[in-house]
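S.K.: Structure below; questions to follow.
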Amino acid sequence: MDMKSSFLDRLFDSGLLIDTGVDGLYGRSGQFEDVIAAFERLIDKFGGADGAEAIRFPPGMNRAFFEKSGYMKSFPQLAGTVHSFCGSELDHMSLLKCMEVGDDWTKDQQATDIVLTPAACYPLYPTVAKRGALSESGALFDLQSYCFRHEPSKDPARQQLFRMREYVCMGTDKHVTDFRQSWMDRGIEMMKAVGLDVTIDVANDPFFGRAGKMLANNQRDQNLKFELLIPITSTANPTACMSFNYHQDAFGTKWGLNFADGSVAHTACVGFGLERIALALFHHHGLDVKEWPESVRKTLWG
Ligand code: ATP
Ligand code: ZN
Ligand code: MG
């Protein structure tokens, strides 16, 4: 075997990931999915007693909510929209002609009411706001969704369509920052239980452009985002496999998440990158699950 072949090549060769011809868009084998399912059960075990309300949204969201979220101000480079053909029979004829001669047939596609979900929690805030005032004890949600980000890469840990499991907490400043801290502790404990060494570091989101540099610095200075990092493709630049985000009252204000007395709720979310965690496990313990350390197998499969 060519010892120089990349981790991505080895994942393709083993069949764990399936090449589609597009960087960052992969099929997954049954074995790969089984690891994700087992890890999600571990998440359930750690978070299950908290009484979170489970909600599953599809990987597309209401475009109007997406527009209101401000995503295009911060991350225009990552967004994906769903466009469709909405023309007449005549338009259809010219569409087919266009495709036949190899011209750009996509320029007449019309925007639909759906955009691809950029993070699992985005559809949640307007949904909860519509329910009315939050109870004094706050609210906790358990989400999982495929997410889209236009960041094609040869790094198997940077995919364009990947799953994020999230817990989202709404409540007072203290309530949601305690929630975030408890998941940082749990994250370390969980990864240790599956034989992965981690570090936690302050982080920032990839805000677009020059103005974005200031937003990123501000996010760091205020400790609003932390990441749990595990070396996958590089030891010098370990990969973020979990993130812990405190939004202060930004989402509460934007979406109208209020308590009965009218005061604005604070929010925080904790995200697990499910493909990244599976890839970290395969990278550290080998591509053959049967060869993984007994303690790791026991944690995942009992
Ligand atoms: P990165 O810093 O690597 O770009 P991020 O900070 O943008 O990641 P978040 O927006 O915090 O990531 O998303 C939550 C989690 O989703 C991350 O901690 C990571 O595990 C996972 N994730 C983010 N982007 C990708 C991707 N392109 N492919 C696979 N997993 C991802
Ligand atoms: Zn989130
Ligand atoms: Mg990051």
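The values are calculated or read from the model by the stated rules, or taken from the named source; none is laboratory data. Worth saying up front: this structure is predicted, and the values here are computed from it rather than measured. Every residue, glycine as well, gets a Cβ built from its backbone with ideal geometry; the counts of neighbours run over all protein chains shown. To get the accessible areas, we keep the full protein, side chains included, count just its heavy atoms, and leave off ligands, DNA and RNA. Shrake-Rupley method; radii C 1.70, N 1.55, O 1.52, S 1.80 Å.
S.K.: What list of ³J(HN,Hα) couplings, whole Hz, do you get for segment 235-247 from phi and the Karplus terms 6.51, -1.76, 1.60, once you set θ to phi - 60° and write x for glycine and proline?
M.R.: Along segment 235-247, the couplings run 7, 5, 10, x, 9, 6, 9, 9, 9, 10, 10, 10, 9 Hz.
S.K.: Still on this model: Rank Phe251, Phe148, Phe85 by mean-square fluctuation in a GNM of the chain with C-alpha springs under 10 angstrom and give only the top-ranked residue.
M.R.: In the Gaussian network model the winner is Phe85.
S.K.: Can you tell me the length gained on complete extension of the stretch Arg210 to Gln110, counting 0.36 nm per residue apart and subtracting the Cα distance?
M.R.: Gain on stretching Arg210 to Gln110: 32.9 nm.
S.K.: Give the long-range amide H neighbours of Phe148: residues separated by 5 or more places, or on another chain, with amide H under 5 Å away, using H modelled in the peptide plane at 1.01 Å from N.
M.R.: Distant-sequence amide H within range of Phe148: Thr117.
S.K.: In terms of modelled amide H atoms, which long-range or inter-chain residues lie less than 5 Å from the amide H of Asn258?
M.R.: Under 5 Å from the amide H of Asn258 lie the amide H atoms of Leu134, Ala265, each far enough along the sequence or on another chain.
S.K.: Calculate one ³J(HN,Hα) per residue across segment 48-63 by plugging θ = phi - 60° into the Karplus curve 6.51 cos²θ - 1.76 cosθ + 1.60, and present them in order as whole Hz with x for glycine and proline.
M.R.: Values, residue by residue: x, 7, 7, x, 5, 7, 7, 9, 10, 9, x, x, x, 10, 4, 4 Hz.
S.K.: Take the Cα pairs of the chain, get the Kirkwood Rh, then feed it into Stokes-Einstein at 10 °C and 1.306 mPa s and tell me D in µm²/s.
M.R.: 75
S.K.: While we're on this one: Anyone know which of Asp13, Asp249, Asp197 comes out most mobile in the 10 Å Cα GNM of the chain?
M.R.: Greatest mean-square fluctuation among the candidates belongs to Asp13.
S.K.: Follow-up question, since we're still on this one. Simple spin-label model, 7 Å along Cα-to-Cβ: Gln248 to Asp13 in nm?
M.R.: Here the answer is 5.0 nm between the modelled labels.
S.K.: What is the diffusion coefficient of segment 161-257 in µm²/s, taking the Kirkwood radius over Cα pairs and the Stokes-Einstein relation at 20 °C with a viscosity of 1.002 mPa s?
M.R.: 144
S.K.: Set the Förster radius R0 to 30 Å, insert the Cβ-Cβ distance between Ile200 and Ser137 as r into 1/(1 + (r/R0)^6), and round the FRET efficiency to 0.05.
M.R.: Efficiency, rounded to the nearest 0.05: 0.60.
S.K.: State, in angstrom, two size descriptors of segment 152-200 derived from its alpha carbons: Rg to one decimal place and Dmax to the nearest whole number.
M.R.: 14.5, 41
S.K.: About its Cα centre, what dipole magnitude does the chain give when the only charges are +1 on Lys and Arg Cβ and -1 on Asp and Glu Cβ, stated in debye to the nearest 20?
M.R.: 480
S.K.: Based on alpha-carbon centroids, what's the gap between segment 100-174 and segment 278-300 in Å, whole number please?
M.R.: So the two Cα centres are separated by 29 Å.
S.K.: Out of the total accessible area of the chain (probe 1.4 Å, heavy atoms of protein only), what percent is carbon and sulfur?
M.R.: Whole-percent figure for carbon plus sulfur exposure: 53.
S.K.: How big is D for segment 1-90, in µm² s⁻¹ as a whole number, if Stokes-Einstein is applied with the Kirkwood radius of its Cα pairs at 10 °C and 1.306 mPa s?
M.R.: Reported coefficient: 89 µm²/s.
S.K.: Only Cα pairs within less than 10 Å get springs; with that Gaussian network setup on the chain, which residue of Leu229, Leu90, Leu281 has the largest fluctuation?
M.R.: Largest GNM mean-square fluctuation: Leu90.
S.K.: Can I ask one more? As an exercise, take the mean of 1/r over every pair of distinct alpha carbons in segment 212-285, invert it, and state the Kirkwood radius in angstroms.
M.R.: That comes to 14.5 Å for segment 212-285.
S.K.: Let me ask something else. Tally Lys/Arg at +1 and Asp/Glu at -1 over every other residue whose Cβ is under 12 Å from the Cβ of Met214; what's the total?
M.R.: Taking every Cβ under 12 Å from that of Met214, the sum is +2.
S.K.: So if I place +1 on the C-beta of Lys and Arg and -1 on the C-beta of Asp and Glu, and nothing else carries charge, what would the dipole magnitude of segment 133-205 be about its Cα centre? I want it in debye, nearest 20.
M.R.: 300
S.K.: Using each residue's phi in segment 211-224, evaluate 6.51 cos²θ - 1.76 cosθ + 1.60 at θ = phi - 60° and report the 3J(HN,Hα) Karplus result to the nearest Hz, with x for Gly and Pro.
M.R.: Values per residue, Gly and Pro as x: 4, x, 4, 5, 4, 5, 4, 4, 4, 5, 4, 8, 6, 7 Hz.
S.K.: May I ask you to list the lysines whose Cα is less than 28 Å away from that of Lys290, ignoring any residue fewer than eight positions away on the same chain?
M.R.: Cross-link targets: Lys4, Lys45, Lys154, Lys192, Lys298.
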